[in-house]
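A.B. asks: Attaching a single structure in structure tokens format; questions to follow.
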Amino acid sequence: MQVIPLTLLFALAASAQSIKFGKCPKPAVQANFDATRYVGEWYEIQKLPAAFQKGECGTATYTLKSEGVVGVLNSELLKDGTINSIVGTAKVKDPAEPAKLEVSFFENSPPGPYWVLSSDYDGHALVYGCTNFGLFHVEFSWILSRQPTLPEETIEDLHKNRCLIGCQRPRKRDGS
């Protein structure tokens, strides 16, 4: 019974995931989140490493499907020059907290958390996700922008104002 969680933990660690002891933290999310203002195209500026994202120059396009349901199209440029894309759906779990969504990309797999911690809707967004695995948790974080670049001052402000999980900095688009 312990073999599966340990195997999963080692697989995640080998993939450079952000793994930490203990339960997932519960950071504050965007107050009065408005999905209709959030939809559209976003560019990935920085991220914590994630096994499911192997490429660079990531984009996410969100479309409103219905109340509390958002269509997701994620794309990235792979090292061989091809574009890798995946389509999914994000759903608001609790209407009282519309900034806490659950996103799924495969029909029979459990959804993952997608929490909008901060967004001005027109320029930047800070997104966080965390999943518990017994004694450990795995974290994900993205800084997104409506443009392919974001001023360094804005990135620094996002790090200062929303320092996540021991202040581990997400990787820049160039991998640094």
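The values are calculated or read from the model by the stated rules, or taken from the named source; none is laboratory data. No experiment lies behind these values; they were computed from the predicted model shown. Note: ideal-geometry Cβ built from the backbone for every residue, glycine included; neighbour counts use all protein chains shown. All accessible areas refer to the heavy atoms of the entire protein, side chains included, with ligands and DNA or RNA removed. Shrake-Rupley method; radii C 1.70, N 1.55, O 1.52, S 1.80 Å.
A.B. asks: Sort out which residues of the range 60-71 are in a strand (DSSP E or B), touching a residue at least 24 places away in the same chain (Cβ under 8 Å) and more than 17 Å from S145 (Cβ to Cβ), and write them in order of number.
C.D. replies: Just the residues of the range 60-71 that are in a strand (DSSP E or B), to begin with: 60-66, 69-71.
From what's left, touching a residue at least 24 places away in the same chain (Cβ under 8 Å): 60, 62-65, 70.
Scanning the range 60-71 gives T63, L64, K65, V70.
A.B. asks: Related question: Of the residues in the range 97-134, how many are without any contact (Cβ under 8 Å) to a residue 60 or more places away in the chain, more than 30 Å from E152 (Cβ to Cβ) and not charged (D, E, K, R)?
C.D. replies: 7
A.B. asks: Hey, another quick one. Considering only residues of the range 131-146 that are at pLDDT 90 or above and open to solvent by 20 Å² or more (accessible area, probe 1.4 Å), which is farthest from G68 (Cα to Cα)?
C.D. replies: L135
A.B. asks: Also, I was wondering about something else. Pairs, please: C-beta under 8 Å, at least 6 apart or cross-chain, first residue farther than 13 Å from A96 by Cα and open to solvent by less than 50 Å² (accessible area, probe 1.4 Å) and in the range 26-38, second charged (D, E, K, R) and assigned to a loop (DSSP other than H, G, I, E, B)?
C.D. replies: If the second residue must be charged (D, E, K, R) and assigned to a loop (DSSP other than H, G, I, E, B), the pairs left are P27/R162.
A.B. asks: Name the residue that is nearest to Y38 (Cα to Cα), counting only residues in the range 78-112 that are open to solvent by 70 Å² or more (accessible area, probe 1.4 Å) and part of a strand (DSSP E or B).
C.D. replies: Per the stated criteria, the residue is K91.
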